[in-house]
Amino acid sequence: MGGFFGTISKQNCVYDVFFGTDYHSHLGTRRAGLTFYDGEKGFQRQIHSIENTPFRTKFDNDMHKFSGHAGIGCISDTDPQPLLVRSHLGLFALSTVGIINNAEALVEETFSGPGYQFMAMSSGKVNSTELTAALINRCDNLVDGIRYAQNVIDGSCTILILMKDCIIAARDRLGRLPVLVGKNDNGCCVSFESFAYHKLGYQDCYELGPGEIVKLTPDGVEQLSAPGDKMKICAFLWTYYGYPNSNYEGRNVEVMRYRNGEIMAREEIKNGTMPDVDYVAGVPDSGLPHAIGYANQSHKPFARPFVKYTPTWPRSFTPANQEMRNLVAKMKQIPVPELIQDKKLLFVDDSIVRGTQLRETVEFLYESGAKEVHMRSACPPIMYGCKFLNFSRSNSDMELIARRKVQELEGDEGQNHLEEYADGATQRGRCLLKAICEEMGFDSLGYQSLEGLLEAIGLPEDKVCTYCWNGKED
């Protein structure tokens with residue numbers, strides 16, 4: 001994933017951008033960058049790796065060097081950014097969030113002639129922010145350039161541009177990610193997370209529609225390009241990676257998660273599938289609110305049988321190596337023996353993607369004396385790696401535990417019946433649940449239905465992206 005924050009003000013805004021960007025640290029673990037514009041100093045920029053050190057620590061020593069009334073910052077799981085771009089459209093800083101699936105094809109088809117070059121990253125891949133800049137610069141003005149780039153990109157691309165006198169923000173064409181504007185007496189800010197600017201004294205001002213482009217100045221917001229009619233906002237904003245006190249399209253994340261858990265429990269009671277357990281618990285951290293809702297609806301006691309030790313291993317320190325990630329996940333888990341020993345436990349997790357770390361968690365619970373461990377996923381089985389954002393991306397869909405188990409159960413023929421496998425009420429669905437239980441060590445397993453998830457979010461189905469569950473892009 002990735003996050004962003006920008007401010008333009010009548011006064012120095014360096015620390016607003018610093019703290020606003022820091023409040024997006026939950027969205028990325030690889031790189032971060034800050035860029036400011038000052039009338040005397042011009043553009044000032046710094047980019048750091050945050051793979052082993054959190055954003056705030058990395059940039060703390062840089063802050064005295066920065067000054068300016070306008071700036072943007074980003075947290076990125078992909079490219080080093082923001083980039084400084086000099087072109088016929090002027091000098092500006094650019095940051096993007098999203099995925100360009102057809103990056104190689106765009107370079108080959110559009111920029112293969114003499115006079116074009118792209119700096120490769122250490123992986124050899126094209127920097128997608130640099131490619132976005134090149135696409136924008138094919139047009140005579142920034143607005144047409146942004147529209148052009150978003151139309152030819154297969155995937156999604158949300159854009160922040162810092163100019164000398166304004167910030168231009170563009171939400172991706174189908175609005176898969178939110179872009180929100182806050183305002184105070186001195187200026188405006190733009191953000192992925194609304195709580196980030198609330199903490200800094202800004203009030204809600206405007207939420208961009210899908211594909212909309214706006215210009216921010218200290219005096220307010222000006223629309224440069226109207227939004228489109230079609231929206232496909234990512235459902236995982238509410239399920240997993242959105243911060244609890246943020247709101248997207250008027251729907252609060254924490255409230256949705258409580259409601260989601262309530263709906264799961266309601267359906268289990270109706271279907272007679274709720275097990276007799278001592279406690280309902282959440283897999284920390286994003287599974288907790290789903291579990292609270294489940295416990296409230298089921299009238300089962302809520303408990304925290306284990307907690308995560310985060311002072312030395314917060315999310316920002318997540319290592320890239322999968323083996324080390326599994327070890328770190330295990331080292332984080334601190335049991336409360338009195339709530340585990342000889343107890344029947346039902347856990348709710350936000351999702352089950354590959355299942356590697358969850359299997360470690362179940363083993364840890366049994367080693368700590370649990371009598372039974374039942375698992376519930378707050379969303380349907382993930383059948384497709386995300387092709388629009390960085391969530392649930394994988395080299396192959398067969399890395400996803402649900403798809404892998406379908407292949408093991410029925411071979412290639414099973415791939416023609418994914419919708420049936422995703423429904424736990426069907427014979428194929430029951431077979432999938434049993435197979436995952438056997439591999440993971442659960443005493444029972446249940447998934448939230450897609451209908452239940454959409455009910456919890458409260459937006460029309462045609463406004464929400466559900467591709468990772470049903471493979472439908474439209």
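If I filter the stretch 335-358 for residues that are basic (Lys, Arg), outside any loop (DSSP other than H, G, I, E, B), under 23 Å from the mean Cα position of the chain (by Cα) and more than 22 Å from residue 271 (Cα to Cα), do I get at least one hit?
No; the residues of the stretch 335-358 include none that is basic (Lys, Arg), outside any loop (DSSP other than H, G, I, E, B), under 23 Å from the mean Cα position of the chain (by Cα) and more than 22 Å from residue 271 (Cα to Cα).
In this structure, does residue 163 turn out to be within 30 Å of residue 109 (Cα to Cα), surrounded by fewer than 23 Cβ atoms within 10 Å (Cβ to Cβ) and under 23 Å from the mean Cα position of the chain (by Cα)?
no
Show the residue pairs that are 6+ apart or on different chains and have beta-carbon atoms under 7 Å apart, the first residue being within the stretch 1-25 and over 15 Å from residue 76 (Cβ atoms), the second being among the β-branched types (Val, Ile, Thr) and surrounded by fewer than 23 Cβ atoms within 10 Å (Cβ to Cβ).
As it stands, the answer is 8/217, since those pairs meet every condition given.
I'd like to verify a number: residues in the stretch 253-301 that are modelled with pLDDT of 95 or more, outside any helix (DSSP H, G or I) and surrounded by 18 or more Cβ atoms within 10 Å (Cβ to Cβ), how many?
8
Among the residues of the stretch 172-182, are any over 22 Å from residue 8 (Cα atoms), touching an Asp or Glu at 6+ places or on another chain (Cβ under 6 Å) and at pLDDT 95 or above?
No, the stretch 172-182 has no match at all.
Does residue 378 meet the test of being hydrophobic (A, V, I, L, M, F, W, C) and surrounded by 16 or more Cβ atoms within 10 Å (Cβ to Cβ)?
So residue 378 fits the description; yes.
Would you check if residue 433 is within 21 Å of residue 386 (Cβ to Cβ), out of contact with any helix residue (DSSP H, G or I) (no Cβ under 6 Å at 6 or more places or on another chain) and either in the same structural domain as residue 360 (by TED's automatic domain parsing) or surrounded by 20 or more Cβ atoms within 10 Å (Cβ to Cβ) (or both)?
Against the criterion (within 21 Å of residue 386 (Cβ to Cβ), out of contact with any helix residue (DSSP H, G or I) (no Cβ under 6 Å at 6 or more places or on another chain) and either in the same structural domain as residue 360 (by TED's automatic domain parsing) or surrounded by 20 or more Cβ atoms within 10 Å (Cβ to Cβ) (or both)), residue 433 does not qualify.
Going through the stretch 31-78 one residue at a time, which ones are over 22 Å from residue 190 (Cβ atoms) and either crowded, with 23+ Cβ neighbours inside 10 Å or touching a residue at least 40 places away in the same chain (Cβ under 8 Å) (or both)?
Result: 51, 52, 53, 54.
For residue 137, indicate whether it is in the same structural domain as residue 109 (by TED's automatic domain parsing), more than 22 Å from the chain's Cα centre (by Cα) and closer than 21 Å to residue 109 by Cβ.
yes
Return the residues of the stretch 21-75 that are under 22 Å from residue 91 (Cβ atoms) and out of contact with any strand residue (DSSP E or B) (no Cβ under 6 Å at 6 or more places or on another chain); say none if nothing qualifies.
Answer for the stretch 21-75, where residues must be under 22 Å from residue 91 (Cβ atoms) and out of contact with any strand residue (DSSP E or B) (no Cβ under 6 Å at 6 or more places or on another chain): 38, 39, 40, 41, 42, 65.
State which residue is surrounded by the fewest Cβ atoms within 10 Å (Cβ to Cβ) when the search covers only the stretch 185-239 and only residues that are among the aromatic types (Phe, Trp, Tyr) and assigned to a loop (DSSP other than H, G, I, E, B).
Here the answer is 202.
The values are calculated or read from the model by the stated rules, or taken from the named source; none is laboratory data. All values reported here derive from a predicted model rather than from experimental measurement. Here Cβ is always computed from backbone atoms with ideal geometry, including for glycine, and neighbour counts include all displayed protein chains.
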